[in-house]
Amino acid sequence: MIRCLAFKLRTSVEDGAKLLDTMREYTKAFNTCAKWGFENHTWNKVENHKATYKLIRESGSLPSSLVQGARDCACEALKAEKCKTLPKRKLFASMRYNQRVATVNMIHGIATIATTGGRVKAAFHVPDSYLPYLGWTVKGSTLSYRRDTKDFYLHVSIEAANPAVVSDIKVLGIDRGIKNIAVCSDNKFFNGKAVKNVRGEYAKLRAELQSKGTRSAKRKLKEMSGRERRFVTDVNHCIAKSIVNTGYTVFALEDLGKIRVQKRKGKELDRKLNNWSFYQLERFIGYKAEALGKRVILIDARYTSQKCSVCGHVYKGNRNGSDFLCHNCGFHLHADLNASRNIAQAGISCLGRLPVNQPNVASI
Ligand SMILES: [Zn+2]
């Protein structure tokens, strides 16, 4: 099954100019190929390539695969007309891209598009009605330009991976943090005040005992660290239990292990990584979910805190402490709650890519 989804791109003025320049050069390449084929009475792509490729590449800066795309389009047009008329292309007619020249990430709403001036990154909003399609495979895309509104659109053709999996599943997104141990996309907060207070007290005591340095102080320190751990463990058990015992069947969490592999920097992420209790909570939710025939999925943690869960705009400055304010659409929400909604959305799209009999904990 194949579907086509249309996305309006958000591009800077500079990137918009690059896209337009690419369209211009693409049309030029198309015309060169069409003219050669028309004059030589052939729609053979290989012959056309031999005659025109080098010339086009040397006369402009159109990326190689776009030159090939323009040539293929020209040859197809020649074939359709049996070389009786010279195919013409409008200056800003839509342009075909394969998956390599334009990569489309529907989970994060970001496309990177090859242009004459290098790759351009453009964000787009994924409406709720498209959510069931997010797990589908991208086959290719077409870039179009509306001269009246000066907007670019990306028409993405996608193929069904396993659409049946997505129905009947309810996904809960869970954001883990320090201030709030867990914030769920159904607006539930588990705040970390109690844990923070207890840990703060222990930290004070620890400092005192460490400065003493006596044998009995060392013994006390050891006992204390055990007590502290047991307290946090107990809190995590309670949170995991209350999360899993909801109507949701799938629990989406950020894949913190993946961040470590990627060696991503950033204070907030570092803090998350250094905290064993994040992993413990993940494990507890995993065990308890499995016992109920539910499942945990781990999703790519990039952009979850910077992205607007309403319009999809990704921008670092959208987040200010616990406040999320979208610089694009003005959407305002608690930052952790916004993140949890992004995690839920990413979870839904991840599901489409998983086979039905996947083990309980899966990762994308
Ligand atoms: Zn927004």
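The values are calculated or read from the model by the stated rules, or taken from the named source; none is laboratory data. Keep in mind that what you see is a predicted model, and the values were worked out from it rather than measured. Because the Cβ atoms are built from the backbone with ideal geometry, glycine has one as well, and the counts that use them run over all protein chains shown. The protein model used for the area step is the full one, side chains on, heavy atoms only, and it has no ligands, DNA or RNA in it. Shrake-Rupley method; radii C 1.70, N 1.55, O 1.52, S 1.80 Å.
Structure above, values below:
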quantity	calculated
Residue that is polar (S, T, N, Q), open to solvent by less than 30 Å² (accessible area, probe 1.4 Å) and over 19 Å from the mean Cα position of the chain (by Cα), where the choices are 142, 116, 85, 149	116
Members of the stretch 323-343 that are basic (Lys, Arg) and open to solvent by less than 70 Å² (accessible area, probe 1.4 Å)	none
Test: residue in the stretch 31-39 that is hydrophobic (A, V, I, L, M, F, W, C), in contact with a Gly (Cβ under 7 Å, 6 or more places away or on another chain) and in contact (Cβ under 8 Å) with a residue 24 or more places away in the chain	no
Residues (over 18 Å from residue 24 (Cα atoms), small (Gly, Ala, Ser) and in contact with a strand residue (DSSP E or B) (Cβ under 7 Å, 6 or more places away or on another chain)) located in the stretch 142-162	157, 161
The stretch 322-350: number of residues that are within 21 Å of residue 9 (Cα to Cα), more than 10 Å from the chain's Cα centre (by Cα) and more than 11 Å from the ligand (Cβ to nearest atom)	0
Selection count, the stretch 138-176, where residues are part of a loop (DSSP other than H, G, I, E, B), over 30 Å from residue 101 (Cβ atoms) and at pLDDT 85 or above	1
Matching residues in the stretch 212-237 - criterion: being surrounded by 12 or more Cβ atoms within 10 Å (Cβ to Cβ), under 18 Å from residue 176 (Cβ atoms) and not β-branched (Val, Ile, Thr)	229, 231, 236, 237
Top-ranked residue in the stretch 289-321 [being part of a helix (DSSP H, G or I) and more than 11 Å from the ligand (Cβ to nearest atom); ranked as least open to solvent (accessible area, probe 1.4 Å)]	289
